[in-house]
Every structure is written in C-alpha cells, then in structure tokens.
1. Under the classification rounded if a/c is under 1.5, otherwise prolate if a/b is larger than b/c and oblate if not, where does region 64-201 fall, given a ≥ b ≥ c as square roots of the Cα gyration tensor eigenvalues?
2. Would you compute, from DSSP H runs of 4+ residues alone, the mean residue ellipticity of the chain at 222 nm, taking -39500 (n - 2.57) per run and dividing by the full residue count, rounded to the nearest 500?
3. Can you work out the base-10 log of I(q)/I(0) for region 100-160 at q = 0.12, 0.16, 0.20, 0.22 1/Å, using the Debye formula on its C-alpha atoms alone?
4. By the scheme Lys and Arg +1, Asp and Glu -1, what is the net charge of all other residues having a beta-carbon under 11 Å from that of Cys348?
5. Nearest 20 debye, what's the magnitude of the dipole of the chain about its Cα centre given +1 on Lys and Arg Cβ and -1 on Asp and Glu Cβ?
6. Please build a GNM for the chain, connecting alpha carbons under 10 Å apart, and tell me which residue among Asp11, Asp96, Asp267 fluctuates the most.
7. What is the Rg over Rh value, at two decimals, for the chain, using alpha-carbon atoms and the Kirkwood definition of Rh?
8. Would you mind classifying region 243-352 by shape? Square roots of the alpha carbon gyration tensor eigenvalues, ordered a ≥ b ≥ c; an a/c under 1.5 is rounded, otherwise it is prolate if a/b is larger than b/c and oblate if not.
Amino acid sequence: RNDAGLLIKYDNSMVKRFISALPFELTNAQKRVVNEICKDMHRPLHMNRLLQGDVGSGKTVIAAIAMYAAVTAGFQAALMAPTEILAQQHAKKLSDLFQDFGVSVCLLTGTEGSKTKVKHDILERLANKEIDILVGTHALIQDPVIFKKLGLVVTDEQHRFGVAQRAALADKGNSPHRLVMSATPIPRTLALIIYGDLDISIINQMPKGRLPVKTYAVTGKLRKRAYNFIKSEIDNGRQAYIVCPMIEDSDSDLQAVKSYADKLRIDDFADYEIGLLHGKMKAAEKNEIMSKFKDGKIDLLVCTTVVEVGVDVPNASIMLIENAERFGLSQLHQLRGRVGRGSQQSHCIVLT
C-alpha cells in the first residue's frame, strides 16, 4: 500500500455506457465489486485484489469492465489464463463485448506464438500500443512481450499459477494494478493467510435464473441408477459429462477414460453419441470434440479433468465424477462448475 501505483483516470461516462450496452443487467453483487475495483484503480496506490465468485457468477464480465476502464484512460491491459482453450474463449468473449467500442483485443498462446511471423506482428503492434488488450497463456510472461503502457493485469484461475508467474506478468508494466480471479471457495480467514497481500472482493450472488447444482455422493453400487438418470436427462434433450481420473488403464482400480468410453459405447449407452476428451489428444482433436459437444452433436462426453476450467456448455445439465476421492476439493468444485450454466436444474453425482 505504501508503494506508489498508477493513477488510472478512466472515463466514467464511457464505462457506464459500456455497462448499459451489456446483453444482461449486472447483479447487485457484480455492481458492488465493479465499484470496489474502479475505486482502487482511481487511486495512486497499487491495486492488488482477489475477485472470488462461484463458477458462472460472472467474473469475466467484471474483468472486462475493469480492462475497459483502463483502456479509456489510455492504458493497455493483459489477461492471463492457464490453458489455451480458456484463453481462446476469453479472447472471443472480449472481442464480442468490445465489438462496438473500438477496443482491439489480441490472443497470444504457445501455438499462436510458434508461428514466428504472427508472433512478431503481435509483439510489434503491442509495443506500438495498437493492441489495447492482450489475452493469453504463460506465453504473456516471456521476454519478448513488451507493453507500451500496461495499466491492469488480470490473472484468471489464479490457483493454477505460481507467485513468480503472476509477478512476472506485473513486471511487464510500471507497477500496474493487479486483479486475480478464482472460483475456488476459500474461507475468509484462510484467504487472509494465503493472500495477505490482497484485498478481497466476493461475488455472492448468481445471475438471474441460475439454480444451484444438486450434488449427490454415492458408491459404485448405485452406478446403474446413475446411468439411468443420465439417460433420462439426455432423452430430455440435455447433455452430460462423465469424468474419470486416468487416461490409460493401469494396475489400479481407477477408471480409465479410454476403456470406460469403449465400454459405454457397447453396453449402457450404445444408443447415444459418446465423445472422448483427454489431455494426450492433439489440440485440433480436442477443439473438434469440444465444438461438437457445444453444438449438441455429442450427448455424453467422457473426459479427464481437461474440462476443469473454462468449458462453457449451457445445455449440459449432469455430471458424473468417477473415483471422486482422487480429486482435491477445488478440482471437484471446478468440475461441478461445468454444469448449471444454463437455466435448467443441474445435477452432479460424485461416485466413490
């Protein structure tokens, strides 16, 4: 707090106009948090804020408003996400939101950056301040990335990054404001111990029409019943996830995603379209499966935790997690957040 930070004199009327142009109204909790963040940026002190809100509570929109405020004051902003899928989604979402507001959004990831010419072009435009907002993965913290006037740094799913990585991104500017976002619920006292250097903003309200996900813990004895429940949801036009802890079969009793999907195809779910998704697949294959799932061409997605962050399919209303005892609390929480993103009642079955 003693260090001088940037004073971002944003244009309040422009920010208000941007908020009123959003395709939905902000909840009271979102409005409160936006005010906290904007107040911080308008002071010549370092903002170091943790934005905590359940999966689907609308953190990205708040980050967008904060980044837009920085841009109206002539600054650039950066958003770092842990995976390429998530970075791509953020870049697309922000481009859509800023479409009529003359803000240029650009994406930089490992695969984008591997094309030398493309990367060189992005870096040149960034240094000349032709790019207002740069979205990307860890690629953002590499040496050649130089911002002309970085005012705000946002880190999404911050528990996936190390302290040094977050600091490296902030070092790209002259002590820019920092906003870190997380959906993992951390009890307040613990948050103050782990993030003692952060102010905490909490979104404790879901957007209109969202219902809490009903969660059930069962043992393997009820697997058939769980399958029947999933089928009934699919028959009603919904989609489902089944998450397994392993990719390949091993000596352990753990469910492996490949053999599990094969078994379902010949047995319980023979009449349904099943998709398979795991981390060892090539990026193009992953994207193809995810697009098919999004477009409703796949009824049931059998996957590993690769869907843990940033996958948004509002029509998916049920998830079954196999060997749930193998996952950590924040992982289970993140996984469950893949359902309940639409207006219908969603369910999560935790199988141990």
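The values are calculated or read from the model by the stated rules, or taken from the named source; none is laboratory data. Everything quoted here is computed from the prediction, not taken from an experiment. Cβ coordinates were reconstructed from backbone atoms using ideal geometry, including for glycine residues, and neighbour counts include every protein chain displayed. When the accessible area is computed, the model is the full protein with side chains, heavy atoms only, and any ligands, DNA or RNA have been set aside. Shrake-Rupley method; radii C 1.70, N 1.55, O 1.52, S 1.80 Å.
1. Numbers: a/c = 1.68, a/b = 1.51, b/c = 1.12.
Verdict is prolate for region 64-201.
2. Values: 12 runs with 126 residues, N = 352.
Computed mean residue ellipticity for the chain: -10500 deg cm²/dmol.
3. -0.29, -0.51, -0.79, -0.94
4. Details: positive: Lys214, Arg336, Arg338; negative: none.
So the environment of Cys348 carries a net charge of +3.
5. In total the dipole reaches around 820 debye.
6. Taking springs between Cα atoms under 10 Å, the residue moving most is Asp267.
7. On the way: Rg = 21.2 Å, Rh = 21.4 Å.
Over the Cα atoms of the chain, Rg/Rh equals 0.99.
8. On the way: a/c = 1.35, a/b = 1.10, b/c = 1.23.
The shape class here is rounded.
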